[in-house]
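The block underneath contains the structure these notes are about, expressed in structure tokens.
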Amino acid sequence: MVRWANSEGWIPKTSRTVSYRIDHGTNNGRRLQVMEPQDAGDLYQLTHRSPTVVIQIGQPTVLLNVRAKPAERNTISLERFVRYKTFFRRLGREGAKIDVPHFLNGFHDWRQNRTCDGERDARCIPLHVFSPSREWEDLHNLEGVRIFESIHGRANSRTDYQDRDWNLPSALHGQQITVAGATLRSGFHWDVVSPRNDGRLYTSTEIWRFSRGSYCNVYPDAVVRQGQRKGDCAKLVYEAQRPADTLASGTRSKQPDGQRRRRR
């Protein structure tokens, strides 16, 4: 597959998973293949920098809370993680053949027919941060958008699953990124405010603590930054380290299995 990607002039990248064995509940003994948090974060940011193809082998998942134990309730599928942001295809096994003409035609169609209409489109949101407990498979049709807006509000007044407000920005600062072919204004983000309660905001690599009234900036690629206006800011309380760093520092916690595998 790597040779084929190189022959097409693409830049292939392989991401790893770690195999975990669930040791509790009704799924005791079942294995989960979990992406390293930093690999997942790198992939998500990459999808907002250039047109990206994700080819899945096996059943890789992504952690929702990087500090909690891997479990079915704390992971989402890779397909759901990159939904609306990439051209996604699943292969059943390593070495499976790709129908190259069909694949290239599908990728071309995906690039031509944008799957995001811009900054006010719910598909622009990092949904694993905003609403992690729901699939949201139907945001490409009017009924799916209606259901989403009935729960979370429209672009001018959205609230996430922890009742935080995601406000359109009063000022822009940051890089220019794209979402599935839609180019956003340079520095577009949301001013995320928690006026009614305390809470936590989880990305695939970080945990941010909110006290009542605090806020931060969240970008479509799930990058979080402390705000630049006066007022209480959310605090970064945990950041996952890359495996080499963690192993070298001796702070990596023991895992039930710990066997690393490779997944594209």
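The values are calculated or read from the model by the stated rules, or taken from the named source; none is laboratory data. Just so we're clear, the structure is a prediction, and the values are computed from it rather than from any experiment. Positions of Cβ are backbone-derived with ideal geometry, glycine not excepted, and every protein chain shown enters the neighbour counts. Calculation scope for accessible area: heavy atoms of the full protein, side chains included, ligands and nucleic acids excluded. Shrake-Rupley method; radii C 1.70, N 1.55, O 1.52, S 1.80 Å.
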(message) What number comes out for accessible area per residue over the stretch 20-178 if the probe is 1.4 Å? Units Å², please.
(response) 52
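Which order do the peptides 127-136, 11-20 take when ranked by the mean count of other beta-carbon atoms within 10 Å per residue, highest first?
127-136, 11-20
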(request) Taking H placed 1.01 Å from N in the peptide plane, check which residues at least 5 places from THR17 or on another chain put their amide H under 5 Å from its amide H. (result) ARG261, ARG262, ARG263
(message) Test of the criteria: in the stretch 29-70, which trypsin sites (Lys or Arg not before Pro) are in a DSSP loop and have at most 14 other Cβ atoms within 10 angstrom of their Cβ?
(response) ARG30, ARG49
(request) For VAL54, enumerate residues with amide H under 5 Å from its amide H, sequence gap 5+ or separate chain, H modeled in the peptide plane. (result) PHE87, PHE88, ARG89
(message) Less than 13 Å Cβ to Cβ from LEU46, Lys/Arg counted +1 and Asp/Glu -1: what total charge do the surrounding residues give?
(response) 0
(request) Give the percent of DSSP beta bridges with both residues in the stretch 20-92 that are antiparallel, rounded to the nearest 5. (result) 40
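For the stretch 114-186, what's the relative contact order in percent, using C-alpha pairs closer than 8 Å and at least 6 residues apart?
Worked out over the stretch 114-186, it gives 34 percent.
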(request) Taking the Cβ of ASN65 as the centre, find all other residues whose Cβ is under 12 Å away and add up their charges (Lys, Arg: +1; Asp, Glu: -1). (result) +3
